[in-house]
1. Take segment 304-316 and flag every residue that is part of a helix (DSSP H, G or I) and without any contact (Cβ under 8 Å) to a residue 60 or more places away in the chain.
2. Out of all the residues in segment 300-311, is one or more assigned by TED's automatic domain parsing to the domain that holds residue 256, more than 13 Å from residue 243 (Cα to Cα) and under 14 Å from the mean Cα position of the chain (by Cα)?
3. Residues of segment 41-60 being outside any helix (DSSP H, G or I) and either in contact (Cβ under 8 Å) with a residue 40 or more places away in the chain or within 10 Å of residue 75 (Cβ to Cβ) (or both), which ones?
4. Got at least one residue in segment 131-139 being over 18 Å from the mean Cα position of the chain (by Cα), closer than 25 Å to residue 175 by Cα and outside any helix (DSSP H, G or I)?
5. Scan segment 143-163 and give yes if some residue there is touching a strand residue (DSSP E or B) at 6+ places or on another chain (Cβ under 9 Å), farther than 21 Å from residue 94 by Cβ and in the same structural domain as residue 269 (by TED's automatic domain parsing), otherwise no.
6. I'd like the full set of residues that are buried (at least 18 other Cβ atoms within 10 Å of the Cβ), in contact with a strand residue (DSSP E or B) (Cβ under 7 Å, 6 or more places away or on another chain) and assigned to a helix (DSSP H, G or I), limited to segment 259-303.
7. Answer yes or no: is there a residue in segment 2-17 that is surrounded by 12 or more Cβ atoms within 10 Å (Cβ to Cβ), under 25 Å from residue 73 (Cβ atoms) and at pLDDT 95 or above.
8. Determine whether segment 69-82 contains at least one residue that is under 20 Å from residue 42 (Cβ atoms), touching a helix residue (DSSP H, G or I) at 6+ places or on another chain (Cβ under 8 Å) and assigned to a helix (DSSP H, G or I).
């Protein structure tokens, strides 16, 4: 790599925080939605959003230089495939996750020094309570988080659909949120039954979604804590759940599943597997977010094997994004 390339790469890394904040701001202003019908002037967008026209232009110009929006004529912008990810009506919309990165998570990572020195999450010191309690106390942010976690459920469901399923199996979605992932799976695999298991306030959202999906006859909703007990089932889905927790708490979750599971039940885990060495992998960065928010972690293959075997499961397969194990 030439010296100029090294300099450019370093600059891209250094100004990453500005990019994150800029994306969060335009997501919150709904700029992509305002461009959905075609190009518009900055003056029009600024008038509608209450933004300063010149400042908004400078933010959009910078983002356009990275392919987010396009300045088609002087001070007139259009959407691009990247900015279209911020449209609010897309099932795989990035708008909520961009809001979280640009605000709540941005402010948390600003205090990451606490985490690198102590190994503990920075979030409680920054916001005065743990992450889950804070979301419960701030329902608007909590709803944005739930929408972000559910976004793209249909697109992410394919690896689950392609698994070998037995007719009549009951799939328990542990920490299943509003039920979007399990609803997508049941919609593709009519031979399955399901249970969405989550905290009471989230379980109520799942009941609404399942009723709207016409799946209430094949899927029930149970409220509770996955640290204590989990409903009986033939398969347990953990979609982006275990990475929220350190090994001690992840072992408690797996132990509750092991206690409630039917004979020869399996767990299907949708989480990253971090590759060794310097291989680029976005979840190496997400791992840092898990640390500062929750003391959670992304795991390597070796770490996944150790976690599952210590919890009395035999590993069936491990690949990035899909881990499968059976009760011993």
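The values are calculated or read from the model by the stated rules, or taken from the named source; none is laboratory data. Source: prediction; values computed, not measured. Here the Cβ is made from the backbone with ideal geometry for all residues, glycine too, and neighbour counts use every protein chain on show.
1. In the first step, residues of segment 304-316 are kept if they are part of a helix (DSSP H, G or I); the result is 304-310.
Within segment 304-316, 304, 305, 306, 308, 309, 310 meet the criteria.
2. No, segment 300-311 has no match at all.
3. So the first thing to find is which residues in segment 41-60 are outside any helix (DSSP H, G or I), and the list is 41, 50-52.
Within segment 41-60, just 41 meets the criteria.
4. Yes, the conditions are met somewhere in segment 131-139.
5. Taking segment 143-163 and keeping what is touching a strand residue (DSSP E or B) at 6+ places or on another chain (Cβ under 9 Å), we get 149, 153, 156, 159-160, 163.
Narrowing further to those that are farther than 21 Å from residue 94 by Cβ: 160, 163.
Among the residues that remain, those that are also in the same structural domain as residue 269 (by TED's automatic domain parsing) are: 160, 163.
Yes, segment 143-163 has at least one match.
6. 283
7. no
8. Looking through segment 69-82, none of the residues is under 20 Å from residue 42 (Cβ atoms), touching a helix residue (DSSP H, G or I) at 6+ places or on another chain (Cβ under 8 Å) and assigned to a helix (DSSP H, G or I).
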